[in-house]
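The values are calculated or read from the model by the stated rules, or taken from the named source; none is laboratory data. Since this is a predicted model, take the numbers as computed values, not measurements. So basically every Cβ, Gly included, is an ideal-geometry build from the backbone, and we count neighbours across all protein chains shown. The accessibility values were calculated without ligands, DNA or RNA, using every heavy atom of the protein model including side chains. Shrake-Rupley method; radii C 1.70, N 1.55, O 1.52, S 1.80 Å.
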Amino acid sequence: MKNLEVHQIWMDQAIALAKDAGNFGEIPVGAVIVNSLGESIATGVNRKERDQDPTAHAEIVAIREAARVLQDWHLNGCTLYVTLEPCPMCAGAILQARISTLVYGADDPKAGAVRTVANLPDSPVSFHKLEAIAGIRDQECQELLLDWFASHRRRSYSALRSNPNQEKI
């Protein structure tokens, strides 16, 4: 199989995870970590609301699981697939974990720290060379996020209209 096809297959799994996260009220971001043998060793979804943990981004959840599975914080040779460009915290964790390749779907124009707003992997603060591949299943990843945020805004607006004394969300 060609690399693009492999990347699309793993990204499809990350998208499925993201949909599950969205169904639980989390921002729909999913992540899969694949080892050098092409086997999935860890997955993650956003869990900030469920865990009341500001660090529980999909990437961090997956990195923690992968480190437990491998019993090593060095994730050399691993590829991380994630539906949204990592934020600064997650980009830093990816670099710290020594992940070899990052493959992501949608750019994040507000907080993307791989190429959109900042480029941590190519900056002087990075001591690790990360291969980054953007735009895999970009359209699906963008639509998932746009649909979730539109639905979230509608629910918030409806709640506000039904209780006008409630503070805005």
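Couple of notes before you dig in:
- Per this entry, V114 is not counted among residues that are at pLDDT 95 or above, under 19 Å from G44 (Cβ atoms) and assigned to a strand (DSSP E or B).
- Residues satisfying the stated conditions in region 136-169, i.e. outside any helix (DSSP H, G or I) and modelled with pLDDT of 75 or more: I136, R137
- Looking across region 90-102 at every residue that is part of a loop (DSSP other than H, G, I, E, B) and open to solvent by 20 Å² or more (accessible area, probe 1.4 Å), the one that is farthest from V34 (Cα to Cα) is identified as R98.
- Region 43-67, subset without any contact (Cβ under 8 Å) to a residue 12 or more places away in the chain and farther than 18 Å from C87 by Cα, residue surrounded by the fewest Cβ atoms within 10 Å (Cβ to Cβ): Q52
- Candidate set from region 48-65 (those that are part of a loop (DSSP other than H, G, I, E, B) and closer than 14 Å to M89 by Cβ); member that is farthest from the chain's Cα centre (by Cα): D53
- Evaluated against (1) small (G, A, S); (2) surrounded by 24 or more Cβ atoms within 10 Å (Cβ to Cβ); (3) not in a strand (DSSP E or B), G105 falls short on exactly one condition, (3).
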